[in-house]
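Have a look at the structure below, then the notes.
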Amino acid sequence: MLIFATSDKGGTGRSVTSSNILYRSALQGSDVCYLDFDFGSPTSGAIFNIPTTLHGTTQGGLHSYLHGMVADPQRLEIWQESDRSSLRSRPPGAGRLVLLPGDSGGGEFPITKENTERCARLFLHLEEEFDLCLVDLSAGRSYATEMVLAATANEALRNIRTRWLVFHRWTRQHVLAASGLVYGERGILHTGENHGHDREELANSLRFVRTAVVNPDSPELEGLRPAQIAWLRDVDRDLSELASSRKVGRTLLLGSIPLDPVLQWREQLISDNDVWSRRIANRETLEQFDSLAKKIVDDAAWETL
Amino acid sequence: MLTFGEVHTGLLQNSTSLPWDATAEVLNLLVGEQVRRSERPMAYAVSPNLLTSVDCRLPAASGKVIRGVGTVVSRASITGGHVAQGSGHAVVVKSTANRRLSWSHYLTRPGTIEAIGKAVGGDIARGFAGASQPMGTLDLGAISGRTLDAVQRSTRLDRHPPFRTQRTHMRWVVTPTDEPGVEATGTFRVATPTLRVLELVVPREHVGAIVDLCEDLALHDWLLTTLLALMESSLTGPGTRAQRIARLRPAIDTLLHLWMPAARVDEAVQPVWQSLERRPGFTRQWEASVSRIRDQMTLGTLALLESATA
Ligand SMILES: Nc1ncnc2c1ncn2[C@@H]1O[C@H](COP(=O)(O)OP(=O)(O)OP(=O)(O)O)[C@@H](O)[C@H]1O
Ligand SMILES: [Mg+2]
């Protein structure tokens, strides 16, 4: 299965959230890989703690591959290459966790017939060996997004299950932006249609994920004054209405990740240890990652609406 | 001077064993040429030979720049309706000229690469079998990989394979010998989790039989590698014994009956298989794995019986 992670705005938490989701699905036993298609700023090496690849690789990453400079892009086995002790060995029952990094100093590039064809070939190849391939795209209406829409329209990829996750923060601007990215002019559906996708089918394979959400009912907000809490509730309700009217509402919501103190300070994977022993990250955050990892492969969560 | 090649092996991306008509279509990579097939001892079909022209640096352990011009032969095959292979190879000979000749010259010698200038067979062989080569060096693996891709991307496949698994790559190099009475021999090395290297010495008159042999070895190495990987993930994973065995089921149904070493291999190069059976001992390890699976299944059945009578 191919999962495309996108967002309209930069800095929404797309990379951190999708890395954590993928990490949980590896722990749940799936063989998974992460493709860093954010060609302008490849950050995945840092999130997975690969010391040699903090800002992308120099060993023939996805950029070099798509340009035809290497026959196959570099792969990093996280359970072997990470320098974080909790990631360094494969827990019993866990699946493979592989990173295909972007190149350092890469940058965006326009799509061509050749790089789209290479992209399609890569997806087909990875599909042979991984249960789940998650592609982290650049923010907004990027060439990367257009390339994968063109590649997945290829007839050979028709039978590969493909799903889209659109990440956004829970604010007015972000809700509007996420809606525009999907339904707007030159948005995902529009671009997909131009490349031969069926609009309705594409829309049905797409769900939203809210990031860094402050839940007004959270016990953590106990320190706030009643007036503040009441205000938060109002805002939350207004946002929900706005989201529904822009087709970003509950029916298309796959999950909500709470604002987490650890993620606020650092882009990283949250381990069981961070929650249960060190108690620096919130249990709720981990549970949401776990639940999303299950939902992305659970057909019931993706039934046609 | 030498012959070298690389075989890529993977699981055909189809839910069931691919029937003959679909197989013929999938392997029909060259219009107007026949797909060959045989049914015994196992369904096997192979595409026509494809040619890729090359003009690039040849591998060399010494790091010397050796230019090679000519063509690589590649072909794709499907065994037992489940296993797909892409295989490329070429014979390297010394060029009689000191420069590149017209393409018609090379096209009349399909599968031959001429090394221009000073070149030593052993240097090229060690370079090919050794560590990675500088960019721009002949990449047989890329040719084999693309040949396998051509099969795997066919729209005749339903793309719902019984399980997911890695491809393996078998890189092989043959040095011909003219010494009388010498038998074909080989050494086999696991270079990385997915790359194997096979170095062979073969009487010159039998070099032609080597491609089939290497494809057969690659097939069996892949079967073994895949079975071990599936056992590892199924048997160490969570769940009851019955659940763990259930996870192995697709592998049992798809792979176990495909083990048939040297079934399509020429007598003359059989000694290579025999020596590899002594070390590393493919069949020994395969049989040990199969009996471990059988034991697990028996224990699983016993447990079921016990809980039924308890
Ligand atoms: N649930 C969360 N709680 C608190 N902070 C978060 C949360 N999720 C992400 N963040 C933080 O938000 C910042 C942006 O996250 P990230 O880099 O994943 O965003 P992005 O959408 O991939 O950005 P870009 O478009 O630049 O690639 C990071 O500092 C990250 O740690
Ligand atoms: Mg990012």
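Rounded to a whole number, what is D in µm²/s for chain A from Stokes-Einstein with the Kirkwood radius over alpha-carbon pairs (25 °C, 0.890 mPa s)? Present the calculation step by step, with values, prior to reporting the outcome.
Values: Rh = 19.7 Å.
Roughly 124 µm²/s, to the nearest whole number.
For peptide A:118-131, compute the average count of partner chain beta-carbon atoms within 10 Å of each residue's beta-carbon.
4
Once amide H atoms are built 1.01 Å from N in the peptide plane, which residues 5 or more positions from B:Cys56, or in another chain, come under 5 Å H to H?
Residues meeting the criterion, in which the H sits 1.01 Å from N, are B:Gly68.
Using the alpha carbon gyration tensor of region B:2-166, what are the three equivalent-ellipsoid semi-axes (square root of 5 times each eigenvalue), largest first, in whole Å?
Details: eigenvalues 226, 61, 28 Å².
They are 34, 17, 12 Å, listed from largest to smallest.
With both bridge residues required to lie in region B:175-310, what share of the DSSP beta bridges run antiparallel, to the nearest 5%? Walk me through the numbers on the way to the answer.
Working: 6 of 9 bridges.
Antiparallel bridges: around 65 percent, rounded to the nearest 5.
As a check on your grasp of the helix formula, calculate [θ] at 222 nm for the protein assembly as shown: sum -39500 (n - 2.57) over DSSP H runs of n ≥ 4, divide by the residue count, round to the nearest 500. Intermediate values should be presented prior to the final figure.
Details: 21 runs with 235 residues, N = 615.
Helix-only estimate at 222 nm: -11500 deg cm²/dmol.
At what distance in angstrom do the alpha carbon centres of region A:243-299 and region B:72-105 lie from each other?
51
Read phi for every residue in region B:149-165 and hand back ³J(HN,Hα) as whole Hz from Karplus 6.51 cos²θ - 1.76 cosθ + 1.60, θ = phi - 60°, with x for Gly and Pro.
My calculation for region B:149-165 gives 4, 4, 6, 5, 8, 4, 7, 6, 8, 7, 6, 10, x, x, 7, 9, 7 Hz in order.
Computed FRET efficiency, Cβ-Cβ of A:Glu303 and B:Arg189, R0 51 Å: what is it to the nearest 0.05?
0.50
Contour minus end-to-end for B:Ala308 and B:Asp253, with contour as 0.36 nm per residue of separation and end-to-end as the Cα-Cα distance?
Numbers: separation 55, 0.36 × 55 = 19.80 nm, distance 2.63 nm.
This chain segment gains 17.2 nm when fully extended.
Among the lysines, select those whose C-alpha is under 23 Å from the C-alpha of A:Lys247, and discard any that sit fewer than 8 residues away in the same chain.
Qualifying lysines at Cα under 23 Å: A:Lys9, A:Lys295.
For region B:1-47, what's the radius of gyration and Dmax over Cα atoms, in angstrom?
13.2, 43
For region B:97-112, what does the Karplus curve 6.51 cos²θ - 1.76 cosθ + 1.60, with θ = phi - 60°, yield as ³J(HN,Hα) per residue in whole Hz, taken in order and with x for Gly and Pro?
With coefficients 6.51, -1.76 and 1.60, one gets 9, 9, 8, 6, 9, 5, 4, 4, 4, 6, 6, 7, 10, x, x, 10 Hz.
Could you give me the ³J(HN,Hα) list for region B:10-22, computed from phi with Karplus coefficients 6.51, -1.76, 1.60 and θ = phi - 60°, whole Hz, x at Gly and Pro?
Each residue's phi maps through the Karplus curve to give x, 7, 4, 7, 9, 6, 10, 4, 6, x, 4, 4, 5 Hz.
Which cross-chain or sequence-distant (5 or more) residues have an amide H under 5 Å from the amide H of B:Ile113, H modelled 1.01 Å from N in plane?
So B:Ile113 has HN proximity to B:Thr71, B:Val91, B:Val92, B:Val93.
Given H placed 1.01 Å from N in the peptide plane, which residues other than close sequence neighbours of A:Gly255 have an amide H under 5 Å from its amide H?
A:Arg210
Find how much the distance from A:Asn204 to A:Leu242 grows on full extension, using 0.36 nm per residue of separation minus their present alpha carbon separation; answer in nm with one decimal. It would help to have the intermediate numbers written out before the result.
Working: separation 38, 0.36 × 38 = 13.68 nm, distance 2.05 nm.
Taking A:Asn204 through A:Leu242 to full extension adds about 11.6 nm, to one decimal.
Could you check the spin-label model distance between B:Thr52 and B:Asn28? Points 7 Å from the Cα along Cα→Cβ, value in nm.
The modelled label-to-label distance comes out at 2.4 nm.
For region B:177-221, what are the per-bin percents of Cα-Cα distances with bins 5 Å wide, up to the bin holding the maximum?
Calculated over all Cα pairs of region B:177-221, the distribution is 5, 18, 28, 23, 13, 9, 3, 1 percent.
Once you've got the GNM for chain B with C-alpha springs shorter than 10 Å, pick whichever of B:Ser132, B:Ser47, B:Ser154 has the biggest mean-square fluctuation.
Among B:Ser132, B:Ser47, B:Ser154, the largest GNM mean-square fluctuation belongs to B:Ser132.
Across all directions of projection, what mean area in square nanometres is found for the Cα convex hull of the protein assembly as shown? Show your work: numbers first, answer last.
On the way: hull surface 131.5 nm².
Taking the Cα atoms of the protein assembly as shown, their convex hull projects to 32.9 nm² on average.
Can you tell me the FRET efficiency between B:Arg99 and B:Ser291 if r is taken as the Cβ-Cβ distance and R0 is 56 Å, rounded to the nearest 0.05? Don't jump to the answer; show the numbers that get you there.
Details: r = 60 Å, r/R0 = 1.07.
Between B:Arg99 and B:Ser291 the formula returns 0.40.
What average number of partner chain Cβ atoms lie no more than 10 Å from the Cβ of the residues making up B:227-238?
Working: counts 0, 0, 2, 0, 0, 0, 6, 1, 0, 4, 5, 5.
The shielding value for this peptide is 2.
How big is region A:45-168 on each of its three principal axes, counting only the C-alpha atoms and giving the largest first in Å?
Over region A:45-168, Cα extents along the principal axes are 42, 35, 33 Å.
Under a point-charge model restricted to the Cβ atoms of Lys and Arg (+1) and Asp and Glu (-1), what is the dipole moment magnitude of the protein assembly as shown relative to its Cα centre, in debye to the nearest 20?
Working: 66 positive and 69 negative charges, 117 e Å.
Dipole size: approximately 560 debye.
For region A:236-299, take every pair of Cα atoms, bin their distances at 10 Å starting from 0, and report each bin as a whole percent.
19, 39, 31, 11, 0
So in the protein assembly as shown, what percent of DSSP beta bridges are antiparallel if you round to the nearest 5?
Values: 51 of 97 bridges.
Percentage antiparallel, nearest 5: 55.
Name the lysines eligible as straight-distance cross-link partners of A:Lys294: C-alpha to C-alpha under 17 Å, and not fewer than 8 places from it in the same chain.
none
All of the numbers you see were taken from the coordinates with simple rules; none came from a lab. Predicted model, so just to flag it, every value in this text is computed and none were measured. Counting neighbours? That spans all protein chains shown, and the Cβs are built from the backbone with ideal geometry, glycine included.
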